[in-house]
Amino acid sequence: MPPSGLAVLIGAGPNTGTGIARMLSHASHGNLAVALLARNPESLNAVVSSVRKTSPDAVLETFPTDTSKASLEKAFKDIKAHQSFRDLKLDMAIYSIKHSSRKPFLEETYEDFTDSLETYVGGAFVFAQESLKRFFADHGETPLSEGAAKKGTLIFTGTLGALRCSANYAAYGAGRASVRQLAQTLAREMSEKGIHVVHTIANGGIADEDGQDQKTGKKMSADAVGETYLWLHGQKPCLWTHELDMRPACEKF
């Protein structure tokens, strides 16, 4: 069965990213072609290998990139031109990168602090702009009020640090909270135009397995995250979730 559309995932790593890619690309679940973005080519290849163990016909292509403006813009151009994605419209875009910084505040430097924000928040900004431009180019700009259908889903994977943060995590907290606010303002601007913007809060560990920790509610499974993202994407305009707390049953909150 050919893919029904295209998803772009940045942060395609061995745990959360693999589960998301598996569910999005599986013919019985998302049935989407997936463009996988991350800094490390070896990590991207490992994701493809893992997904194809259960979905040998999955359409997956890798695009090594960091979160800088020039690199992300090039990645989106390469995705648009790639032969595997010909005639496919963008349906989902997911920003799910890991980025952390831990340092006593008086040991923090201005350069390191602002570099952390540029890497994580700046990356989210560029990824969102490129995704939105592609959504509109692929699905048109007619708003929901004039009878248009949902154009796509933009998801930011956040953490509890977007809501509250511990000592020594000034840069981390500032970045996570900033992306949460970016998602909120985009949701308010883009919803009526037909683009569903979601900020999720992953509160707890995620592993690409379905073992004892998942059965006893100690950790989330990566596949469950992917299933949840597909559920969000399937929501109709009569009810859209903007922010969603994701945690295993036994996680303290």
Handout entry: Hits in region 127-160 (condition: in contact with a Phe, Trp or Tyr (Cβ under 9 Å, 6 or more places away or on another chain), among the aliphatic types (A, V, I, L, M) and modelled with pLDDT of 95 or more)
Key = Ala128, Leu154, Ile155
Completion exercise
Filtering region 1-49 for residues that are charged (D, E, K, R) and under 17 Å from the mean Cα position of the chain (by Cα) leaves a count of 2
Exercise for the section: Among the residues of region 1-34, count how many are of a type in the set (A, V, I, L, M, F, W, C), more than 18 Å from Lys98 (Cα to Cα) and touching a helix residue (DSSP H, G or I) at 6+ places or on another chain (Cβ under 7 Å). Expected result: 7
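Can you go through Asp210, Asp245 and tell me which one is assigned to a loop (DSSP other than H, G, I, E, B) and either touching a His at 6+ places or on another chain (Cβ under 6 Å) or surrounded by fewer than 20 Cβ atoms within 10 Å (Cβ to Cβ) (or both)?
One residue alone meets the criteria, Asp210.
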Handout entry: The one condition in (1) modelled with pLDDT of 95 or more; (2) touching a Leu at 6+ places or on another chain (Cβ under 6 Å) that Thr67 fails to fulfil
Key = (2)
Practice task
Looking at (1) hydrophobic (A, V, I, L, M, F, W, C); (2) over 14 Å from Ile97 (Cα atoms); (3) touching a Leu at 6+ places or on another chain (Cβ under 8 Å), find the lone condition where Ile201 falls short.
Solution key: (2)
Exercise for the section: Report yes if some residue within region 202-209 is under 17 Å from the mean Cα position of the chain (by Cα) and closer than 19 Å to Ala128 by Cβ; otherwise report no. Expected result: yes
Exercise for the section: Scan region 93-103 for residues that are at pLDDT below 95 and either aliphatic (A, V, I, L, M) or more than 18 Å from the chain's Cα centre (by Cα) (or both) and jot them down. Expected result: Ile97, Ser101, Arg102, Lys103
Practice task
Give me the pairs, please: first residue somewhere in region 39-56 and more than 11 Å from Arg22 (Cα to Cα), second residue anywhere and modelled with pLDDT under 95 and surrounded by 14 or more Cβ atoms within 10 Å (Cβ to Cβ), beta-carbon distance under 6 Å, and either six or more positions apart or on two chains.
Solution key: Ser43/Gly13; Leu44/Ala12
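The values are calculated or read from the model by the stated rules, or taken from the named source; none is laboratory data. Keep in mind it's a predicted model, so treat the numbers as computed, not measured. Every residue, glycine among them, receives a Cβ derived from its backbone with ideal geometry; neighbour counts consider all protein chains shown.
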